Amino acid sequence: MQENFWGKLSRRSLFQRGGMLAAAQALGAGAEQTASAAPMQLANLYRSIGVRPVINARGTFTIITGSTTLPEVKRAMEEASRSFVNMDELMDAVGKRLAELSGAEWGIVTEGCCAAVTHCTASAIAGGNPERMQRLPNLAGLKSSLAVVPNQALREKFMAARVDMVQGGNILGYTAMLAAYRDGQPWLDELLRYLESNRDFLVKYVRTNFPKLEMGVPEGTYLAWLDCRKAGIPGNDPFTFFLESGRVAFNDGMTFGRGGEGFVRLNFGCPRALLVQGLERMAAALARLG
């Protein structure tokens, strides 16, 4: 029986073997013959961790690890691994070469599609301004999330629903998640205090200025439901009314199913000034009703 390659590795032996392989590359073909035993043991790498290789009869799909690497790409990667370069210079040179090949203005290598979209969004916002780059606060594009599904049957359904979808986040998302869990508690505490203050302000404003609207007090979210059924709004359609008469866009209660008629959902997870502006527009629109 073939021994489990990973099971026999210690931290020290891993670095020792890594050093041997690096030395073999530096010495050339003769030394590569000497170090050929280690790559041979890696031939069954997937099976050594309990993963069965499959025959790809589908095409390039992320769910089956995308695509195999072309020989010329492998040769280029092997050649590049022999030297150290300045990363900024490398990215600049690669961007220029990609532009030449594609006819685009410039190019950039990213970890995946999501990372590319993140870079494009950031560049569109900040351009080449370092100060603006430092002020980019929105992590919405740094997608990374966790799903804990203890029930095996539900977990299998969840996994099946993800077929052919991107199976993981990007390196920026992972980095952002790590930073948030490790260093984000003070920011979260401040955010929760701000949201609570916005919620209390909203509740007081609605009860004081909108006697025909009803609103419960949200306990665990930054979304508030406004019951507008007694406001005399034409067609009992507050979504359209506030959008057209007050230029305030809510979530329409109708989109959430039966029972949502006459309701709108307000997101108070925003700057206080914006919340006040929206409420004042609502007040003006209702006043015009008479």
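No value in this document is a laboratory result; all are computed from the given coordinates. Quick caveat, the model's predicted, so the values are computed rather than measured. Neighbour counts run over all protein chains shown; Cβ positions are idealised from the backbone, glycine included.
State, to one decimal in nm, how far the label point of Arg265 lies from the label point of Thr110, with both points 7 Å from Cα in the Cβ direction.
Computed distance between label sites Arg265 and Thr110 equals 2.8 nm.
Can you work out the FRET efficiency for the pair Ile64 and Lys204, with r the C-beta to C-beta distance and R0 = 41 Å, to the nearest 0.05? Walk me through the intermediate numbers first.
On the way: r = 56 Å, r/R0 = 1.36.
It comes out at approximately 0.15.
Loop only per DSSP, at most 14 neighbouring Cβ atoms within 10 Å: give me the trypsin sites (Lys or Arg not before Pro) in the range 214-263, ordered by residue number.
Working: sites: Arg229, Lys230, Arg247, Arg258; in loops: Arg229, Lys230, Arg247, Arg258.
Listed in order of number, the matching sites are Lys230, Arg247, Arg258.
Could you compute the FRET efficiency for Tyr174 and Glu244, with r as their C-beta to C-beta distance and R0 at 35 Å, rounded to 0.05? Before the final figure, lay out each step's value.
Numbers: r = 44 Å, r/R0 = 1.24.
That gives a FRET efficiency of 0.20.
For the range 197-238, what is the charge dipole size about the Cα centre, in debye to the nearest 20, if Lys and Arg each add +1 at the Cβ and Asp and Glu each add -1 at the Cβ? It would help to have the intermediate numbers written out before the result.
On the way: 6 positive and 5 negative charges, 33 e Å.
Around 160 debye, computed over the range 197-238.
Quick check: residue separation of Thr221 and His119 times 0.36 nm, minus the Cα distance between them. What number comes out in nm?
On the way: separation 102, 0.36 × 102 = 36.72 nm, distance 3.01 nm.
The Thr221-His119 span can extend by a further 33.7 nm.
Cβ under 15 Å from Gly253's Cβ, Gly253 left aside: what net charge do those residues give with Lys, Arg +1 and Asp, Glu -1? Let's see the in-between values first.
Working: positive: Arg229, Lys230, Arg258, Arg265; negative: Glu214, Asp227, Asp237, Asp252, Glu261.
Charge balance near Gly253 sits at -1.
Hey, with R₀ at 22 Å, roughly what FRET efficiency would Ala76 and Arg47 work out to, going by the Cβ-Cβ distance, to 0.05? Write out the running numbers ahead of the final one.
Working: r = 28 Å, r/R0 = 1.29.
Using R0 = 22 Å, I get an efficiency of 0.20.
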